[in-house]
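Right, one structure below, let's go through it.
The values are calculated or read from the model by the stated rules, or taken from the named source; none is laboratory data. In this text the structure is predicted, and so the values were computed from the model without any measurement. No Cβ is skipped: glycine too gets one built from the backbone with ideal geometry, and neighbour counts run over all protein chains shown.
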Amino acid sequence: MRPPPVDVSSKFRSRLAERYRVIDGKTFRMLIQASLEWLRANQEVVNSLNVFPVPDGDTGTNMVLTLQSAIDEIADTDEKAIGKVAHSLAHGALMGARGNSGVILSQLWRGFSRALGEREIMDAQAFAAALDEAKETAYKGVVKPVEGTILTVSKDIASAAAVALEEGTTSGFEILETVVAAAEDSVERTPDLLPVLKDAGVVDSGGKGLSLIFEGALRAAYRQPLDQPLMIVQPLSSLNLEGAAEAIEPGQDWEVIIDFKPMDTFDLQTFYGRLENMGTSIQVGEGDGLYRMHIHVPDQTEYEPIEYIKSLGTVTKVEIENLMDQVGGTLGAERDQEFILQEVDPDHLAAIAVAPGGGFARVFASLGVAAIIEGGQTMNPSTKEILQAFEDLPTDKIVILPNNKNIILAAQQAKEMSDKTVAVLPSVSVPQGIAAMFAFNRDGEFKPTIDAMNAALNGLHSAEITTATRTVEIDGVSVEEGQVIGVLNGKLSCSGNTLEKVLVDTLEQANAEENELITLYAGVDLSPDEAQKLADKIIELYPDLEVEVHRGGQPHYQVILSIE
């Protein structure tokens, strides 16, 4: 086993090993709360580990929200039996699971709690057994497990714990130390197991998040601070400011963004420490000597970061925005006209769709969905939110359209928790979901309708166009930070310096001339005039094809295309 993560005397470490030889429910709650605090402090570190160079990394956010939901379930209990506390924690994680990483994390807690059963305390042997069952449950919950992910990290820490037992470890504290060291090593190896990570120059984000969860517990045992994040300075264009604005928490009343040129004496560690005392959702980017700082602060303190940074150098630009005006969300921002959802009778089949913008919500409503869940990249709905969308409908025949690969697992968990007959269509894009709805028949038989919808969603190409957040080469495509990039059917397809060029190249790679209809969905930041100019270009290149333009209202992606 590697040395302890902090420089401590052998006497102090021996006391810790004795204190945490066994762990009861009260101590377990304290350690898990510390895990959340440390994960939250490093949320943006995990979010930045995005394979594609696009500004939509949300793994850290999903894992934080999932773990927060888990802890909310045990916050008010005085239960001392660790088995009962773990079961409640697992239930909270299950209901609050968001995104693939959150769902897998909830499955890990499910297995962990199952192994503990009704135990009053957890000793080293029970700790190792719980980690092994957690790994087994998580692997079984994924149809096609992929190595080099959070699953691999769960397997490696379970193996390390088993080896520690064989070598004579008798303290739960020593198991925790072993797990943290093994998790760090496993995360560093993920690029060797998953080529796309190596190509992108990152480690697996879910695995990193899991590593931070155990590290937070260990830091609490060592009495280390949990509010000082791992320092990370990102390229300016990779700052996920839109995602940060969407994850507004109580007390985050103002968003402040400051560009500045620091003096030579600028110290990043001190800078982070001061910012932590001012607010949350801190991000720092750097490029060519210019720094950009993002932070959320409480009301009446919005000028405090400005005054502080003025003392560090030259402020070149300041943006301040009232976050409370944004609470309505993406659907509210785009809802310039109301839409009517399909009424459902007990003998009807009801369709539930996830939509990333108000424009898409109106499209789905016009096609007959019974409920719309706001969600997409950086805003994955939880298992509970998906379940609540259809549980009170008067019919027991439900079809869910996740419309995002990172929402499918949560939708499947909602299905498993319901007594209704539920089908989850594997729609990984919004255009696929829309295509499937054209085959929807609320009066049809369940299985034939689902079969028809499945066939429809596979009959088109889906593409997204956005701006690259870093320089990288993936799938043979070289991308420079700041360039426009095209993603076709889930793969990076092209890059260029203008939106129009990438649009044209994407359509060419999709063999658009062999199709009949091209639909352009404009993002929230693309004006109607800009969208129409792009549509005119498509008409010029493909005069024999039908071309439609709709307001999608999606964040992050200037354009989403459906080619069919």
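Filter region 53-74 down to residues that are touching a residue at least 40 places away in the same chain (Cβ under 8 Å) and in a loop (DSSP other than H, G, I, E, B) and give me whichever is nearest to residue 23 (Cα to Cα).
74
Restricting to region 345-380, give me the number of residues that are modelled with pLDDT of 90 or more and touching a Pro at 6+ places or on another chain (Cβ under 9 Å).
So the count comes out to 7.
Mind listing just one residue for me: the one in region 50-73 that is crowded, with 22+ Cβ neighbours inside 10 Å and farther than 17 Å from residue 379 by Cα and, of those, modelled with the highest pLDDT?
So the residue we want is 70.
Pick from region 444-459 the residues that are in a helix (DSSP H, G or I) and among the charged types (D, E, K, R): which of them is surrounded by the fewest Cβ atoms within 10 Å (Cβ to Cβ)?
Taking the candidates together, the pick is 447.
Go through (1) under 27 Å from residue 361 (Cα atoms); (2) outside any helix (DSSP H, G or I); (3) touching a residue at least 24 places away in the same chain (Cβ under 8 Å) one by one and return the number of the condition residue 439 breaks.
All conditions are met except number (3).
Find the residue count for region 139-164, including only residues that are under 25 Å from the mean Cα position of the chain (by Cα), of a type outside the set (Val, Ile, Thr) and part of a helix (DSSP H, G or I).
To start, the set of residues in region 139-164 that are under 25 Å from the mean Cα position of the chain (by Cα) comprises 139-158.
Okay, now just the ones that are also of a type outside the set (Val, Ile, Thr), so 139-141, 144-145, 147-148, 151, 154-156, 158.
Still in the list and also part of a helix (DSSP H, G or I): 139-140, 151, 154-156, 158.
Going through region 139-164 one residue at a time, the tally reaches 7.
Take residue 464 and decide whether it is under 21 Å from residue 554 (Cβ atoms), among the acidic types (Asp, Glu) and assigned to a strand (DSSP E or B).
The answer is yes for residue 464.
Tell me which residues, restricted to region 172-226, are among the charged types (D, E, K, R), assigned to a helix (DSSP H, G or I) and within 17 Å of residue 153 (Cα to Cα).
Within region 172-226, 177, 184, 185, 188, 189, 192, 198, 208, 215 qualify.
Tell me, which residue of region 1-39 that is of a type in the set (Lys, Arg) and modelled with pLDDT under 90 is nearest to residue 150 (Cα to Cα)?
Filtering first and then ranking leaves 2.
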